[in-house]
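The values are calculated or read from the model by the stated rules, or taken from the named source; none is laboratory data. These numbers come from a predicted model, not from an experiment. Note: ideal-geometry Cβ built from the backbone for every residue, glycine included; neighbour counts use all protein chains shown.
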Amino acid sequence: MKQKISIMSPINAAGRWALRGVDEFGAAAIFLLRAFVLIFRIKQIPSIIQQVYYIGARSANIVMLVGLFTGMVLGLQLYYTLIKFGSAGVLGSAVSLSLVRELGPVMTAIMITARAGSSMTTEIGIQRISEQIDALSTMRIDPIRFLISPRIAASIISFPLLTALFDLIGIVGGYITGVALLGLDAGTYFYRVESSIEMQDITGGFVKAIVFAVLVSTVCCFQGYFAHMRKDSYGAKAVGLSTTTAVVVSCVLILVSDYVVTSFLL
Amino acid sequence: MENPLIEFQNITKRFGNRTILDGVNLKIYEGQVTTIIGKSGTGKSVLLKHIIGLLKPDEGRILFNGQDIGNMGKKGWNDYSDQISYMFQNNALFDSLTVYENVALPLKQTTKMSKREIDEKVMARIEQSELTEVIHKYPSEISGGMQKRVALSRALVTDPNIVLFDEPTTGQDPIRKNAILGMIAEYQRKFGFTAVLISHEIPDVYFISNRILALYDTKIVFQGTPEEFENLNHPFRDEFIQSLEGLQVELTGLYSKRHFKVRYQADLGKKKPHETYVAVLFALEDMETIIENLGHDAAQEMIRALGSYISKHFGAVGGFSSRQTINEIGTILPFSNLHEAESILVDFIRDLKEEGLCDLSTEATFNDDECFEFRILGGMSEGKPQVEIESIIEFARFNQKEIARFQCETRKQG
């Protein structure tokens, strides 16, 4: 009997894990749906603007910094690769397409997850464990409308804008290494940038940014909102673990969904 | 008796294998202050959260005006929850909002009131709670007592019909505790809401409660008036109440009403039927005006200072004292006849005027130029051992007259 239990245990565990996964996915989907429906109210506008400031404006500096160095390192790597084939002139195309199609949306989403996503989880988690969310319910204020909807709306607005900023600064970074430091012709660089990027690349990048925005904000808010339901810890520790989970899951989902969206776009 | 506003019928709540409430039955009546007492961790907050729907019972039903709240439709539930406000044990204030924003939040989010109307209402509550100076501060920048008052203001700003207070005095010093209880009592009288509160402040909470519910070992073991509770014969009293009352005596020198009765019976039961004793009833006159002018904290500090002074003075001659009502302190002089008691009282009045009033007047002085005048009353009556203490106290109340008065002019001359 004991032998039988030990053989079945991993299968049971896998089954439990799968069921829990399906359960959480369903709960998160309902959570997102409720939050999304509640965005479209006049009273939400001030809260959304405030969240755009926190998620968007306050992330701009770090996004620009990362964008600059990503562009610079791209310029450096691609220059020395392309020069082997005598194609250094297409550096502008390589840098701009890499940034606009892939690196811009992905890196921006990861940076916002690290900066604003983690803070969303922590803030909502603390509000949960200190009964502030229960207090909202007792005041007949829907916590999802009050706390979650503005954050999701603000993410959908901020992610594409920050992605555009990242792309722009990244192209400047590529210019600094390729043109200013390595001596490539400035006109050639910008001509290649302009001629190779099509509208489809830009809209594709924005679609990705919006998908990432929905995923990151939902995962981060969901983890904070249900921090008190964790079975592995309680209180402040539960908030800490929820934050870690939110960041890890968000990053994984960004990369997985990037592949899926790219396969549809191409 | 009238129909209850809220009724629990066989409510059972379990968390995992642990049963918190086991077949709880209780009744809460409209317009009354009902206090739930019980040891920590016995499920008092769980019980309260069932009323507002934050928790759902595993078994049993909760009736509101005879209607099961578990079967209410969306509109019915909204109408029900519209009438209820909840003050959390840890205040649950939004730390990213200022005091003003916290109080205004329910009005801004759930009503269509104009900005001006919201402002007027919020400011009125803030002024009543003596928070005007901190309206732009964040909860973390103000004291625990102030945070409690902010939570209280937020709970009352929507003019609810039912207010649930989850340990509103936790973590407060004795003066603040009484001030908060006084504030709840005052608001309840003024606005007429039904109050349900959880409190450990025994016996102070008796003064403001119409009904007491005792939660012990997952069940309600007592429901009734504070007077009926005084005579409760149950292990709950031995384990919980007596220790709290003993602590009260140690801290203030004033006996709880129950200890007062026990001491009364012990000291006077030995007396022969013809032997007499004297009861004196002191009062800080017109407590409501004092609260209105000086605030709850100052009023409670004054009654505490008076109680402490009385206890010190009469304790030396074998007397014992107890707070009788929110502004009255009763003293028994078991070894004195009326003539001796009069002489003791004259000495007391002289000392009170010379020294005691200074302690009380500190609270009544706003600054160097302004102060608030108040009067202390005293009345005596002679009693015999076989007579009920209540009637002797009542007679002393009837005989009350002014024994000391704090006058601003006197203070200035002094």
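Is it true that some residue in the stretch B:91-100 is of a type outside the set (A, V, I, L, M) and not in a loop (DSSP other than H, G, I, E, B)?
Here is the first cut: in the stretch B:91-100, the residues of a type outside the set (A, V, I, L, M) are B:91, B:94-96, B:98, B:100.
From what's left, not in a loop (DSSP other than H, G, I, E, B): B:100.
For the stretch B:91-100, residues of a type outside the set (A, V, I, L, M) and not in a loop (DSSP other than H, G, I, E, B): present.
Please verify whether the stretch B:17-27 includes one or more residues that are closer than 15 Å to B:Val221 by Cα, touching a Pro at 6+ places or on another chain (Cβ under 7 Å) and surrounded by 13 or more Cβ atoms within 10 Å (Cβ to Cβ). Full working, then the answer.
Step one: of the stretch B:17-27, the residues closer than 15 Å to B:Val221 by Cα are B:20-27.
Those still in the list that are touching a Pro at 6+ places or on another chain (Cβ under 7 Å) too: B:27.
Subset that is surrounded by 13 or more Cβ atoms within 10 Å (Cβ to Cβ): B:27.
Yes, there is a match, as at least one residue in the stretch B:17-27 is closer than 15 Å to B:Val221 by Cα, touching a Pro at 6+ places or on another chain (Cβ under 7 Å) and surrounded by 13 or more Cβ atoms within 10 Å (Cβ to Cβ).
Looking only at the stretch B:77-100, filter to residues that are out of contact with any helix residue (DSSP H, G or I) (no Cβ under 8 Å at 6 or more places or on another chain) and more than 10 Å from every other protein chain (Cβ to nearest Cβ); which one of those is surrounded by the fewest Cβ atoms within 10 Å (Cβ to Cβ)?
B:Asp79
Going by the structure shown, is B:Val46 among the β-branched types (Val, Ile, Thr) and farther than 16 Å from B:Val163 by Cα?
On the way: among the β-branched types (Val, Ile, Thr): yes; farther than 16 Å from B:Val163 by Cα: no.
No.
Return yes when A:Phe212 is under 30 Å from A:Phe264 (Cα atoms) and either modelled with pLDDT under 90 or aromatic (Phe, Trp, Tyr) (or both) and no when it is not.
On the way: under 30 Å from A:Phe264 (Cα atoms): yes; either modelled with pLDDT under 90 or aromatic (Phe, Trp, Tyr) (or both): yes.
Against the criterion (under 30 Å from A:Phe264 (Cα atoms) and either modelled with pLDDT under 90 or aromatic (Phe, Trp, Tyr) (or both)), A:Phe212 qualifies.
Quick check on A:Ser119: is it within 14 Å of another protein chain (Cβ to nearest Cβ), assigned to a helix (DSSP H, G or I) and surrounded by fewer than 21 Cβ atoms within 10 Å (Cβ to Cβ)? Step through it out loud before you land on a result.
Numbers: within 14 Å of another protein chain (Cβ to nearest Cβ): yes; assigned to a helix (DSSP H, G or I): yes; surrounded by fewer than 21 Cβ atoms within 10 Å (Cβ to Cβ): yes.
Against the criterion (within 14 Å of another protein chain (Cβ to nearest Cβ), assigned to a helix (DSSP H, G or I) and surrounded by fewer than 21 Cβ atoms within 10 Å (Cβ to Cβ)), A:Ser119 qualifies.
Of the conditions (1) more than 10 Å from chain A (Cβ to nearest Cβ); (2) within 27 Å of A:Pro46 (Cβ to Cβ); (3) assigned to a helix (DSSP H, G or I); (4) in contact with a Lys or Arg (Cβ under 8 Å, 6 or more places away or on another chain), B:Gly70 satisfies every one except a single condition; which number is it?
(2) is the only condition that B:Gly70 fails.
Would you please name the residue that is surrounded by the most Cβ atoms within 10 Å (Cβ to Cβ), looking only at residues in the stretch B:104-119 that are touching a Lys or Arg at 6+ places or on another chain (Cβ under 8 Å) and either assigned to a loop (DSSP other than H, G, I, E, B) or within 11 Å of another protein chain (Cβ to nearest Cβ) (or both)? Reasoning before the result, please.
Start the filter on the stretch B:104-119 by keeping residues that are touching a Lys or Arg at 6+ places or on another chain (Cβ under 8 Å), which leaves B:105-107, B:109-110, B:113, B:118.
Cutting the leftovers down to either assigned to a loop (DSSP other than H, G, I, E, B) or within 11 Å of another protein chain (Cβ to nearest Cβ) (or both) gives us B:105-107, B:109-110, B:113.
On the way: B:Leu105: 21, B:Pro106: 23, B:Leu107: 20, B:Gln109: 15, B:Thr110: 14, B:Met113: 14.
Once the filter is applied, the top-ranked residue is B:Pro106.
Scanning the stretch B:42-65 for residues that are outside any strand (DSSP E or B) and away from chain A (no Cβ under 14 Å), which turns out surrounded by the most Cβ atoms within 10 Å (Cβ to Cβ)?
If we take residues in the stretch B:42-65 being outside any strand (DSSP E or B) and away from chain A (no Cβ under 14 Å), then B:Leu47 is surrounded by the most Cβ atoms within 10 Å (Cβ to Cβ).
Just to verify a result, which residue in the stretch B:135-160, among those that are more than 14 Å from every other protein chain (Cβ to nearest Cβ) and part of a loop (DSSP other than H, G, I, E, B), is modelled with the lowest pLDDT?
B:Ser143
Given the criteria within 25 Å of the chain's Cα centre (by Cα), within 21 Å of A:Val179 (Cβ to Cβ) and hydroxyl-bearing (Ser, Thr, Tyr), does A:Ser149 qualify?
On the way: within 25 Å of the chain's Cα centre (by Cα): yes; within 21 Å of A:Val179 (Cβ to Cβ): no; hydroxyl-bearing (Ser, Thr, Tyr): yes.
No: the conditions fail for A:Ser149.
I'd like the residue in the stretch A:122-154 that is of a type in the set (Ser, Thr, Tyr) and over 22 Å from A:Ile45 (Cβ atoms) and, out of all such residues, is nearest to the other protein chains (Cβ to nearest Cβ). Show your work before the answer.
Going through the stretch A:122-154, the residues of a type in the set (Ser, Thr, Tyr) turn out to be A:122, A:130, A:137-138, A:149.
If we keep only those that are over 22 Å from A:Ile45 (Cβ atoms) too, we end up with A:122, A:130, A:137-138.
Numbers: A:Thr122: 12, A:Ser130: 6, A:Ser137: 7, A:Thr138: 4 Å.
Only one residue fits best here, namely A:Thr138.
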